[in-house]
1. Any chance segment 278-290 includes a residue that's surrounded by fewer than 18 Cβ atoms within 10 Å (Cβ to Cβ) and closer than 21 Å to Thr358 by Cβ?
2. In segment 267-285, what residues are in a helix (DSSP H, G or I) and more than 18 Å from Ala107 (Cβ to Cβ)?
3. How many of the residues making up segment 11-24 are surrounded by fewer than 24 Cβ atoms within 10 Å (Cβ to Cβ) and either within 16 Å of ligand 3 (Cβ to nearest atom) or within 17 Å of the chain's Cα centre (by Cα) (or both)?
4. Tell me, which residue of segment 339-363 that is under 26 Å from Gly291 (Cβ atoms) and buried (at least 23 other Cβ atoms within 10 Å of the Cβ) is nearest to ligand 3 (Cβ to nearest atom)?
5. I need every pair where a residue in segment 6-21 that is over 18 Å from Gly308 (Cα atoms) and not assigned by TED's automatic domain parsing to the domain that holds Thr283 has its Cβ under 6 Å from the Cβ of a residue that is within 16 Å of ligand 3 (Cβ to nearest atom) and at pLDDT 95 or above, sequence separation at least 6 or different chains.
6. Look through segment 244-273, keep the residues that are acidic (Asp, Glu) and touching a strand residue (DSSP E or B) at 6+ places or on another chain (Cβ under 7 Å), and return whichever of them is farthest from Phe303 (Cα to Cα).
7. Could you count how many residues in segment 62-107 are in contact with a Lys or Arg (Cβ under 8 Å, 6 or more places away or on another chain), more than 16 Å from ligand 3 (Cβ to nearest atom) and in contact (Cβ under 8 Å) with a residue 60 or more places away in the chain?
Amino acid sequence: MKRAHILVLDSFGLGETADADKFGDVGANTFGHIAQECFEGRADINRQGPIKLPNLTQLGLVNAATQSSKGKVPAGLEQTDAPIASHGFAEELSSGKDTPSGHWEIAGVPVLFEWGYFSELENSFPESLLEEFIKRADVPGILGNCHASGTEIIQRLGEEHMATGKPIVYTSADSVFQIACHEESFGLERLYELCTIARELVNEYNIGRVIARPFVGADSESFERTGNRKDLAVQPPSKTVLEKLTDANGKVISIGKISDIYAHTGISEGHKATGLEALFDKTLEQIKAAGDNTLVFTNFVDFDSSYGHRRDVAGYAAALEYFDTRIPELLETVADDDLVIFTADHGCDPTWPGSDHTREHIPVIVYCKNRQAVNLGLRSSFADIGQTLADYFGLEAMDYGTSFLNEMAPKQ
Ligand SMILES: O=P(O)(O)O[C@H]1O[C@H](CO)[C@@H](O)[C@H]1O
Ligand SMILES: [Mn+2]
Ligand SMILES: [Mn+2]
């Protein structure tokens, strides 16, 4: 039986890439800086002391992170002499450090073109675009029109939005047009309608995603975003390994944001869940149910949206520690020939200035009970994962990436 499972810890970077200077990210290290802050006792909110990740360590994460950080062992952790998974780290070929680029490259399709960006910090959107949007959406105007952190902007403008019915529109360093509206006073379906209109309008600007950011709460003190976020992405530029697998009558089971990120191409079934615990539960449930030729693919968005962008080191550390506690169940659940891949899509160093992503290596940790655990070293593209999956499932090779399946020889 051939099955693979990918767990994307969204934004879990392992240190600067060789091209980090082009992004202003020299020195960024999501994992390294979290471990350092924990070690120095500066991340003791709802958790304590040095970060504890026994299961990820046993898989080989610390070994990979050390190589990825020029030999610096993450503070308070130790490498293991006998990792039970193949472990390495990868740099990105894609031009951007955004979620679709990272995910598509993982699936064998790097984004070699430049996305469009709304790069002005204030008055970010062209007037003609906003005029057309206001007209077609039939709203009394918009609020925002700037770069912002999504939680900060609803706190600042949420009450005015509720009083006026004007949607909050904002962007970031990513190629995004984001719309925040109150789920009840404005309405969730109405917000999705606005996003569909915006999706059509931003195509000419080559924007990767329009994102609905619904929230609830009575006032700026209590506003909170909900799990009904929806990403409207453009389609990947060529066939991903997901599409090749579904074309070959295999199955791709999406959990969380995965189906949205791939614009619903190459997806057989989508399952939503909110929060790390529910996402993990759903992943285990779907692995138990998965048949032959199936890929179960989960995005754990909370690392990025609740902790990375929020620059919440203690929250990120606690989330990693929680994730770590669930690994034994996962390893008990998978079959002996299954590939279990732990990876990420970019960095989002919670100690870094601003609130945007950071250009970093991603972990490539691959567990297979029946195969050798080897050092995979530095991989020159995230696409090595997609190419390995194509190899494993016996699909036509991808245009990018090098399979590492033969490096993980079957155990005798
Ligand atoms: O600050 P929030 O709304 O979480 O936005 C973040 O999420 C968006 C999509 O990943 C990016 O634009 C990033 O800035
Ligand atoms: Mn991401
Ligand atoms: Mn993000």
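The values are calculated or read from the model by the stated rules, or taken from the named source; none is laboratory data. Here the structure is a predicted model, which is why all the values come from computation and not from measurement. Methodologically, a virtual Cβ is constructed for each residue, glycine included, from the backbone with ideal geometry; neighbour enumeration extends over all protein chains shown.
1. Checking segment 278-290: not a single residue is surrounded by fewer than 18 Cβ atoms within 10 Å (Cβ to Cβ) and closer than 21 Å to Thr358 by Cβ.
2. Answer for segment 267-285, where residues must be in a helix (DSSP H, G or I) and more than 18 Å from Ala107 (Cβ to Cβ): Leu276, Glu277, Ala278, Leu279, Phe280, Asp281, Lys282, Leu284, Glu285.
3. The total comes to 1.
4. Only one residue fits best here, namely Phe342.
5. none
6. So, considering only residues that are acidic (Asp, Glu) and touching a strand residue (DSSP E or B) at 6+ places or on another chain (Cβ under 7 Å), the one farthest from Phe303 (Cα to Cα) is Glu269.
7. Looking only at that region, the number is 5.
Residues checked against (1) within 16 Å of ligand 3 (Cβ to nearest atom); (2) part of a strand (DSSP E or B); (3) touching a residue at least 12 places away in the same chain (Cβ under 8 Å):
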site: Pro140; (1), (2), (3): no, no, yes
site: Asn145; (1), (2), (3): no, yes, yes
site: Gly158; (1), (2), (3): no, no, yes
site: His161; (1), (2), (3): no, no, yes
site: Ala173; (1), (2), (3): yes, no, yes
site: Phe177; (1), (2), (3): yes, yes, yes
site: Ser185; (1), (2), (3): no, no, yes
site: Tyr192; (1), (2), (3): no, no, yes
site: Cys195; (1), (2), (3): no, no, yes
